[in-house]
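Student: Could you have a look at this structure, given as structure tokens, before my questions?
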Amino acid sequence: MAYVDHTFSISDEDIMTDSDFAYTVHNRPPVKEIALSVSLLVFGILGIVSGIFMAVNHVGGDIGHGVFFAILGAVLFIPGFYYTRIAYYAYKGYKGFSFSNIPPV
């Protein structure tokens with residue numbers, strides 16, 4: 001059997017030694033951050049769809065305006081989708097996902 005030195009190991013018992021210290025983890029959903037990510041997702045989808053519509057039908061002048069709105073929609077869509085996905089997976093309880101992965105506003 002191999003010798004294991006437990007002198008410098010940190011475990012949950014080491015953290016909980018003081019009875020006055022309560023070690024609790026609050027994993028409540030950050031409502032403002034999730035609302036921001038969902039709104040970025042929705043406005044990104046609307047921007048992409050309206051940009052493609054404007055580019056195909058030449059609404060608003062030329063194709064450049066539609067391409068601009070599509071790019072703007074993509075810039076809004078990417079972080080909105082990313083953080084909405086993290087919030088959804090954290091809500092469902094998937095391993096490796098937590099509400100603490102969403103940065104505060």
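Student: Between Tyr94 and Ile63, what is the label-to-label distance in nm when each label sits 7 Å out along the Cα-to-Cβ direction?
Tutor: Simple spin-label model gives 3.7 nm for this pair.
Student: Okay, next question. Between Ser39 and Val56, what is 0.36 nm times their sequence separation minus the Cα-Cα distance? Round to one decimal in nm.
Tutor: Values: separation 17, 0.36 × 17 = 6.12 nm, distance 2.56 nm.
Result for the pair: 3.6 nm of gain on full extension.
Values quoted throughout were computed directly from the atomic coordinates according to the rules given, and no laboratory measurement underlies them. Predicted model, so just to flag it, every value in this text is computed and none were measured. When we count neighbours, we look across all protein chains shown, and the Cβ atoms used for this are built from the backbone with ideal geometry, even at glycine.
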